[in-house]
1. So if we plug the beta-carbon distance of Lys188 and Thr243 into 1/(1 + (r/R0)^6) with R0 = 25 Å, what FRET efficiency do we get, rounded to 0.05?
2. Among 246-254, 211-219, 90-98, what's the highest-first ranking by average C-beta atoms within 10 angstrom per residue?
3. Out of residues 5 or more away from Leu210 or on other chains, whose amide H comes under 5 Å of its own, with H placed 1.01 Å from N in the peptide plane?
4. Could you list, in their original order, any pairs among Lys130/Lys188; Lys77/Lys130; Lys122/Lys271; Lys77/Lys186; Lys77/Lys211; Lys77/Lys285 whose Cα atoms are separated by more than 25 Å?
5. What is the distance in Å between the Cα centroid of the range 234-295 and that of the range 107-129?
6. Compute from the Cα atoms of the range 201-295 the Rg and the Dmax, the latter being the longest Cα-Cα distance, and quote both in angstrom.
7. Just order 120-129, 79-88 by mean Cβ neighbour count inside 10 Å, highest at the front, would you?
8. About the Cα centre of the range 210-285, how large is the charge dipole given +1 on each Lys and Arg Cβ and -1 on each Asp and Glu Cβ? Please answer in debye to the nearest 20.
Amino acid sequence: MKKRFTALALVSTLSIGTTVTALAAESEVPSLMQPNSVIIYDEEGNPSVVSGGYVNSNKLSDKNQITDFNIDDYMRKIPADATVEEREAIEEENQVIREALEDVKNGRQAVQSDIEIIPGMKVIYDENGKLYDVYYVDDFCPEGYTLHGNAGHMESDHKGTSNKQARATTVTWGDDYVNTLVYQPKDKSILGTGRATYYDGLQGNRNNPLKDGDVATQMDYDYSRKGDQPVAIRNLDTDEAFTYYQADVGRLPDAVIDIWGLNNLEELAGKEGVRSVPNVRYYHKLFSDQDIPNW
């Protein structure tokens, strides 16, 4: 695995406008808004639009199960110069992902897409108005928000924070992207596929300062307060791979992994001017504080 990181200036995406518009409480977080919208929920769970706005009168977009996708798009291509061992390893990894995605496509596995509304949380939308990231109030952070919120500083068992349906070894979530994690018992590892996004912030979920090379995993399905295993992430479109370090957790509503810093995401993408990488695969051995998943 290559390990390449570039310096970047921290650009905060957490500034709050001075004018907010109070709106009636909603039972769901909208998955579609006007481009670059920001919603903040008050102590009663009522949404206020900080920027942007709703796209239709009922405010909520329809959420359908993701079934219209091509599984082959999620497969890693085998390089022409691959050795026999490399070819066999890629084929085995592809088969694991293929079986998981076939379960989704054929309705044998439900896609988890609901986001619990937490008082004070901030929801960010991308340039297309799609749900991008969720930040939570964090009294321990100078910025006031982090991906993990105050829960990241608590010593209680994180597993009590999730109300997702349990599955044995595979879980999938998202509105537009098929973000999937598979637990592999043969080597006690997590294999993920889906979209990579980026985020900014000062500190991770163990009061650690965030820096180049850090990533956040999905807090319900791939939680750690130690991050003591390298995380290998490959852009399947370029076949370029990088080594990162788990330093945070977050909700990741439509992504399988969150890269710290836009420059680092652009490096993974292999180009500038992007805010996400649509087709990545990641792998890591279980962190020392992780139990065998029971999703």
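The values are calculated or read from the model by the stated rules, or taken from the named source; none is laboratory data. Just so you know, these numbers come straight off a predicted model, no measurement behind them. Note that we place each Cβ from the backbone using ideal geometry, even for glycine, and neighbour counts take in every protein chain shown. Surface areas here come from the heavy atoms of the whole protein model, side chains and all, with no ligands, DNA or RNA. Shrake-Rupley method; radii C 1.70, N 1.55, O 1.52, S 1.80 Å.
1. On the way: r = 19 Å, r/R0 = 0.76.
About 0.85, to the nearest 0.05.
2. Final packing ranking: 246-254, 211-219, 90-98.
3. The answer is Gln203, Gly204.
4. Exceeds cut-off: Lys130/Lys188; Lys77/Lys130; Lys122/Lys271; Lys77/Lys211.
5. Cα centres, the range 234-295 to the range 107-129: 18 Å.
6. Taking only Cα atoms of the range 201-295, I get Rg and Dmax of 12.8, 38 Å.
7. Listed from highest to lowest mean packing, they are 120-129, 79-88.
8. Dipole about the Cα centre, nearest 20: 240 debye.
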